[in-house]
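See below for the structure under consideration.
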Amino acid sequence: MLALDQGAGGEVKWRRVCAPAQIDARGLSARAALIELATGEQYDVQTLRLLPYETKSCSFELDVGGAHPGGLLWTTLVNRERARILVFAIAPEYQDRGLGSHVWRMMQSDLRALAIRKVQLEVHVENRRALRLYKRLGMDAVGLIREYYATGDGILMEWDSSLDG
């Protein structure tokens, strides 16, 4: 687990998530606010509660020492060889610190243990920061999804472990 000095507030570290049913409405509202802040996408509490994200492995939250996380990486297993990232959001104050790359490697390790070879996600065409990160992590754009988001098109991206050196 990565631990970074946060200064007076202690350290930040990625931890595995609990099931949505175990998160109260206030906690889910805080996660919805984080997603909107980091991605511009809006989710209500009920939608978050119903997301089929993995809780035993492959999904993480950034523990920043407060009541609510500073980042989220939630995945779901699509089939025996593919996972889908449902949410990948890091609050602006925790960006550009290597946290996204680190949690990506944690997720990859979990997925490899499950023999999952491919990961897919959707990203807004105008989310340049996320697009740069995903390309750096080895993802390829494989399609354009017209009007996927309320505010525009999405890009379907994929990582294939068989293409890694």
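The values are calculated or read from the model by the stated rules, or taken from the named source; none is laboratory data. The shown structure was predicted, so the numbers you read here are calculated from the model rather than taken from an experiment. Please note: Cβ atoms are built from the backbone with ideal geometry, for glycine as well, and neighbour counts cover all protein chains shown.
If I ask for residues that are small (G, A, S) and over 21 Å from A33 (Cα atoms), which ones from the range 80-100 would you list? Within the range 80-100, A83, G98 meet the criteria.
For the range 29-46, the candidate set comprises residues that are within 14 Å of L86 (Cβ to Cβ) and among the hydrophobic types (A, V, I, L, M, F, W, C); within that set, the residue that is modelled with the lowest pLDDT is A38.
What strands (runs of 3 or more DSSP E) completely inside the range 1-113 contain at least 3 residues that are surrounded by 19 or more Cβ atoms within 10 Å (Cβ to Cβ), under 13 Å from the mean Cα position of the chain (by Cα) and of a type in the set (A, V, I, L, M, F, W, C)?
Numbers: elements: 3-5, 11-16, 60-63, 71-77, 82-90.
Strands (runs of 3 or more DSSP E) meeting the threshold: 71-77, 82-90.
Taking the range 91-113 as the range and being over 17 Å from K135 (Cβ atoms) and basic (K, R) as the test, the residues that pass are R97, R112. For the range 115-153, a residue qualifies if it is farther than 17 Å from G40 by Cα, assigned to a strand (DSSP E or B) and of a type in the set (G, A, S), and the qualifying residues are A141, G143.
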